[in-house]
Amino acid sequence: MDSGDLNIRKIKNVDIPLFEEWLNKEHIRKWFGDPSEWLNEIYNREGQYYWINHYIIEYEDRPIGFCQYYDCGKTDEGYAWDNEPEGTFGIDYLIGNEHFLGKGIGNQIVKKLTQMIIYKENPAQIIADPVKDNIVSSKVLEYNSYYFDDLTGLYKLKL
């Protein structure tokens, strides 16, 4: 699949029902947990969660997934990244449309999202915190030059 056909755009209210549908799919729910927490962030993206950047991933103008990034310094305490340096940004991503699983799209999503963060934010590093058993996500991150930090349990891309 051609990465030129992949687009990342800001989420809109009209996207929320599809996002909720994805969150309730078995291949997403087992890694992302309770959909209500994710939906709360989306519904409050202009208020309490203004610092999280939420996006829809499109392939050939068709929504296929979701991604987000955020400044880790603006999150509450109690996360694995609490002691990371200023300028650390975190990412999350999912492919909701099963037709696009196993086709290299995840690699393209992480590459494009990483490039976007570098361009917009000039980060010190970008991190990801996939569930330990999510081998596919771990391989996608490693493919995109993220390394696993044994001390924190995070995948990191130092810049």
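Just so you know, all these numbers are worked out from the coordinates, no wet-lab data involved. Quantities reported herein were computed from a predicted structural model and do not represent experimental measurements. Note: ideal-geometry Cβ built from the backbone for every residue, glycine included; neighbour counts use all protein chains shown.
Remark: for residue pairs 111/132; 10/132; 12/156, the C-alpha separation exceeds 24 Å in 10/132; 12/156. Which distance in Å, rounded to a whole number, links the C-alpha centroids of the range 49-71 and the range 108-159? First find each Cα centre; the distance between them is then 16 Å.
Please report the net charge: other residues with Cβ closer than 11 Å to the Cβ of residue 69, K and R +1, D and E -1. Mind dumping the intermediate values first?
Details: positive: 120; negative: 71, 92, 121.
Local net charge: -2.
Each Lys or Arg adds one and each Asp or Glu subtracts one; over the other residues with Cβ under 13 Å from the Cβ of residue 41, this totals -4. In summary, the helical segments of the chain meeting the span-like criteria, namely a full DSSP H run, a Cα extent along the axis of 20 angstrom or more and a mean Kyte-Doolittle hydropathy of at least -0.5, are 105-121.
Rounded to two decimals, the Cα radius of gyration of the chain over 2.2 N^0.38 Å is 0.98.
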